[in-house]
Each structure stands twice: as C-alpha cells, then as structure tokens.
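Report on the following structure.
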Amino acid sequence: MRFSLSDILFVVVIFQLLFTSVFLFTHRKGRRVSNSLLAVLFLVIGLNFLDNLLLIQGVYLRHPRFALWSVWLLLLFGPLLYLYTQSIVYRDFRLTWRKGFHFLPFVVLFCITEVYWQRQGLDGQRLLLGQITSRRVPAYQYWDSALIFVQYYGYMYLSYRLIGRFKKAAGDVFSDYRRTDIRWLSNSLLFFMVTMGLAAVNSLIGLTFLAAFWWPVFLVVIGLVWGYINVTLLKALRETDLFGVLREEDVPESPESPVEGAKEWTKVLMRLREHMEVGRPWLEPDLTLEELAGQLQLRTKVLSQAINEGLGQNFFELINSYRIGEAKRLLTNPADKKITVLEVLYQVGFNSKSSFNTVFKKQTGLTPSEFKKKNMG
C-alpha cells in the first residue's frame, strides 16, 4: 500500500474527524445533546472517507466482502444536521424514539444492499469495485446518489425554515444581540450544502470525459471539511448555550386578534414607556421579555403583542432603541469628555463590543467611533 501526498492529507483529515468525534462525545461544556449529534455527524463523515480511502488503495479488491458498507451513510447527513439545528433552537430538545424514524431509510437500504452484496460472488464483487475505482459505473446505477441528494436538500430546507422561525421568535424574547445572531449555524448549513453540491457535481464528472478530475475535486471537498472543523467547530461549541428560545411542542400560530384591544394597549404602552424612562430596565444586558413583563406585572403575551402591534417593533428592537439613544447622548454630550466607546457600551447595557457596533450601525448608519468623531469634531 503506497501513499501519495494527497493520500496522506486524506488520512490526516480522517484522523481529525474521528478524533474530533471522540472529543465531542466527551466534551462537558455546552449542550451535551448538541455535541453528541455533531460528534455522530463527524464520525459518519470520517467513516465515509475511510471507506473511500480503502477502496482507492485497493484494499477491497483483496477483501471484497468488506467493501461498500458506507454507500448509504450519506443518508444520515441531512437528518443529523436537522436534529442538530433543532437541538440549538429548541430549549427543551431531547432525543426520542420518534426522532429515530429520520434514520429509518438508512437502516432499511443498508440492510437490503448489504444482504444483496454478500450474496454476490467474489468475481462479481471485484468487477463492480473495478468499475467504481475506474469511474466506469453505468449511469443508471447512480440512482442512489440522486436519492441521497434529494433527501439531503429536503432536510436543509426544513433546517432553514426552523432557523427562520427562531429569528422571529428570538427578536420577540431577547434583548442581547448575541442571543439572536445565529448566522454561524446558517453558515454551517450553507457550507455543507456547497460541499454536498460539489460532491454531486463530482459524481457527474465521473460520467464524462472529465473523469480524470474526479480525484482533485474530491480533495477539494476533503480540504473544505478540514477547514470547517478548524474554523467553525470552536464557535459552535462556545455558543450553543446562548440560544434555545422555541419549544418542540410549539407550532406556528395564526395571527390572533388583539388580546387587550387598542385602548388597553394604550394603557400598557404608557406603563411601559414610564418604566423604560424611570426604571431604565434596558441597562440590564440580558434582559428578556419575560423579565420585563414581570416587572410590569403583565402577561408576557400581552406585553409582546402591545410592542409588536402598538409600536410596530419587536422586543429586541425596542430595548436596543433605548440603549442606542442613550449611547448617542453619551457620545455627543458626555459629562466626561474623555469617555471611550468601550465605556459607553457597558454603560448603556451591552456586554459585547461587536454586538454594540452591529446594532449601533444598523440604527444610525455609522459605527460608534464614526458617530463620536462626527458629532464631537
């Protein structure tokens, strides 16, 4: 068995995937169920790569009965990513037997094809393995790849729809930008979609005169996976505990008529404005809708509807409008002329410079430093 430089890269990535999987299974920080789902995903990717490496190295030509056991592993990618997304956005997420049905297609197809494969003679097995390694598989035998890609992108659609629900709900509940910013998860799903798309294109390349480029493109896919692990994994581990606003039993509700009526909303909003100006609850960085409703002795749903319908804002926008208004005052006419942007952001209820900069620029069109320079120059 000889290894080229590209083969060595292949081995390194497989080892990293398997090592990362073990690390995630034993990692105690963050949400354990999320870590476990990510661990299984990396394990599945690593085993799929290992199967391909053994095939390319000719190991299966000597032991054909052990070949092609990872053909249907790709059917696990979509369900694992979808369940991982659920584990991030649902605060009461747990693995149940019902969720196991997502993996039923893999179990059924794996058992059928494995029985079929083991019943083939050694010569027939070696013939098919030779066709695969030389990229001469008949086009009609790619039906399994088409099934895998359709299933995968179906799960990606469900995952993005769930993220959309989260974004809407988070804006109505959280005031901390970090708890509403879930771009890292969207970007992770996008990465896997692009990678899967490249794999699909690569499968088609194997049927054309460009078949010689199959291996270089496959190496690109391997490199992308390696980069994802190193760049994105740490962020995923660090931030899983920040989210979880939806509940699994929640279902999208149809718009309801106002709970209290316009006149009652006026009273609610008057109490809200007075409390915001006198009590200044928005100075609490982690203020939530539930906490604010408790301070006003109102039901959470009543307060949420009053803000949404009466002010045309969500909770996040309301709280941060007060914070940014105070920040603009401090940056324009501070008691201490030497006050820094960092001091301002902590004084007005932010606990992250990046969050402050993002929200401030969205509301004013300028960064805090640009705003200070423009108004104090």
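Things worth noting here:
- The conditions of being loosely packed, with under 13 Cβ neighbours inside 10 Å, at pLDDT below 90 and in a helix (DSSP H, G or I) are met by K374.
- Cβ separations smaller than 7 Å between residues 6+ apart or across chains give the following pairs from region 357-377 residues that are farther than 19 Å from D336 by Cβ to residues that are among the aromatic types (F, W, Y) and open to solvent by less than 50 Å² (accessible area, probe 1.4 Å): T358/Y177; V359/Y177; T364/F371; T367/F360.
- Selection within region 163-192 - over 26 Å from N230 (Cα atoms) and assigned to a helix (DSSP H, G or I): G164, R165, F166, K167, K168, A169, A170, G171
- Test: residue in region 142-165 that is open to solvent by less than 70 Å² (accessible area, probe 1.4 Å), at pLDDT below 80 and touching a Phe, Trp or Tyr at 6+ places or on another chain (Cβ under 8 Å): yes
- Pick from region 67-116, criterion of a type in the set (G, A, S) and in contact with a helix residue (DSSP H, G or I) (Cβ under 7 Å, 6 or more places away or on another chain), ranking: nearest to F49 (Cα to Cα): S70
The values are calculated or read from the model by the stated rules, or taken from the named source; none is laboratory data. Because the structure is a prediction, the values reported are computed rather than measured. In this analysis, Cβ positions are derived from the backbone assuming ideal geometry, glycine residues included, and neighbour counts consider all displayed protein chains. We work out accessible area using only protein heavy atoms, side chains counted, and drop any ligands, DNA or RNA first. Shrake-Rupley method; radii C 1.70, N 1.55, O 1.52, S 1.80 Å.
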